[in-house]
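The values are calculated or read from the model by the stated rules, or taken from the named source; none is laboratory data. Not measured: the values here are computed from a predicted model. Reconstructed Cβ throughout: ideal geometry from the backbone, glycine too, with neighbour counts over all protein chains shown.
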Amino acid sequence: MNKDVKTIVKGETLLIAVKGVNGGKVQLEFAEIISNPYNKARANNLVSMLNKSDDRFGSSARRAWITGQPGDISELLGLDVSSIEYGASKELNVLNPEIGGERLRVQVTETITPDAYQEANLEKSAKKAGSEGDFILHEGDHIFSNSEVVTGEPYHTFLKPDTYEAPVSEDTAVTADIQA
């Protein structure tokens, strides 16, 4: 079965596409499903499950991009991307790509320190509860979520939101007294 961003599962990394960018370089786009331990809303989201074939309920895969020289990419990944012109793109859908026997993975790092772009574009770059929701804060500061492509095992950093409430575990009995 050929994989695409809609069919990958947790633990798989997909090299989705390549795009021609400035300076004769190309940009590789990767996707991987990564679970944030503080995101209880998506843990068992019935709405997402019941609408998985609806494109408006897109993949929960995190994306990351990396730019490189076409010749170096060809040598290291065995992909000929030399014909990709500036602005053009090509779908690749390579499952679990490797360099020198090491898997390429998407790594997520959350921080309260924005880079210059994030600081100038706070409305678009700080984490929110949905596209129109409130900002998600950590100890009163905005959270910025960054992703990058790494070789080997990723080491994710997730910040605990101020509004986080630990979910009740499966083996915890929940009861209520009902008075008639």
Scanning region 38-95 for residues that are at pLDDT below 70 and hydrophobic (A, V, I, L, M, F, W, C) gives A41, A43, L46, V47, M49, F57
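Need a quick list: strands (runs of 3 or more DSSP E) entirely within region 68-158 having at least 2 residues that are farther than 25 Å from N2 by Cβ, of a type in the set (V, I, T) and in contact with a Ser or Thr (Cβ under 9 Å, 6 or more places away or on another chain). If you could, list the steps in order and put the result at the bottom.
Values: elements: 89-95, 102-111, 144-151.
So the answer is 102-111.
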